[in-house]
Amino acid sequence: MTSKFTKFQIATHIGSLIPLALLIWDYFNDHLTANPIQAVTFRTGKTALVLLVLALACTPLNTLFGFREALKVRRALGLYAFFYVCLHFLTFIWLDYGLDLGLIFDAVAKKRYALVGFTAFLLLLPLAITSTKGWQKRLGKNWKVLHRLVYVAAPLVVVHYVWLVKADIRQPLVFGAAVLLLLLARVPLFKGAVGSWRSRWLERWRREKAEQGA
């Protein structure tokens with residue numbers, strides 16, 4: 001009897017849950033700095049962005065480099081990313097603003113980072129809800145169209161990060177470059193160029209191996 005999950009899938013699930021485990025550990029051991037709400041906000045937000053970038057990387061890894069295992073973890077990475085987005089959002093509306101709707105709406109209206117972040121959350125919400133195979137069958141061709149919203153949400157998340165940190169934006173810009181590269185990897189011209197390079201590299205590698213074995 002074969003295992004339902006591959007080792008790569010198991011590693012993905014464990015890796016995605018480690019930031020949560022560390023956050024809980026730090027909470028119970030008073031390691032969340034002098035401003036624990038800010039620490040939780042940044043850590044959940046950064047983890048969400050990392051997982052979102054990894055989810056975006058799955059398709060290019062398969063189409064450009066033939067790494068099919070990536071497709072098996074794409075949905076899991078996306079859902080874990082949304083899970084941390086929810087924790088990030090809950091930290092904002094609950095711990096930071098005490099579920100005061102007036103203060104929350106005022107913050108979203110007046111603070112650009114909050115507005116952009118909330119917009120990204122609304123775009124990701126239907127993607128998480130319709131991530132199941134059942135929804136994929138119900139929506140048919142519209143499922144792929146709907147899930148292209150991630151191409152809008154991901155850049156918005158980066159903008160949210162840039163505007164949130166304000167001063168040192170080097171790390172957000174690195175994430176922005178990664179998102180841009182992963183979106184470009186979906187452009188046919190870019191895919192063709194990388195595919196051609198990959199074919200030439202594989203051909204040269206096979207030729208060298210054949211010469212070594214001769």
* Tell me, yes or no, whether the range 70-81 has at least one residue that is among the aromatic types (Phe, Trp, Tyr) and buried (at least 17 other Cβ atoms within 10 Å of the Cβ). => yes
* Structure fact -> The lone condition residue 71 fails out of (1) more than 23 Å from residue 130 (Cβ to Cβ); (2) touching a Cys at 6+ places or on another chain (Cβ under 8 Å) is (1)
* Selected residue [at positive phi, of a type outside the set (S, T, N, Q) and out of contact with any strand residue (DSSP E or B) (no Cβ under 9 Å at 6 or more places or on another chain)] from 26, 96, 30 -> 30
* Asked: Quick check: is even one residue across the range 169-186 closer than 30 Å to residue 42 by Cβ, touching a Ser or Thr at 6+ places or on another chain (Cβ under 9 Å), modelled with pLDDT of 90 or more and assigned to a helix (DSSP H, G or I)?
  -> yes
* Any chance you could count how many residues in the range 90-134 are loosely packed, with under 14 Cβ neighbours inside 10 Å, within 24 Å of the chain's Cα centre (by Cα) and among the aromatic types (Phe, Trp, Tyr)? => 1
* Structure fact -> Going through the range 28-78 in order, the residues found to be closer than 17 Å to residue 15 by Cα, without any contact (Cβ under 8 Å) to a residue 60 or more places away in the chain and in contact with a His (Cβ under 8 Å, 6 or more places away or on another chain) are 44
* To do: Under 6 Å between Cβ atoms, at least 6 apart or on separate chains: pull out the pairs that start in the range 101-113 with a residue that is assigned to a helix (DSSP H, G or I) and end on any residue that is of a type in the set (Val, Ile, Thr).
  => 104/93
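The values are calculated or read from the model by the stated rules, or taken from the named source; none is laboratory data. Note that the structure is predicted; figures quoted are calculated from it, not measured. Please note: Cβ atoms are built from the backbone with ideal geometry, for glycine as well, and neighbour counts cover all protein chains shown.
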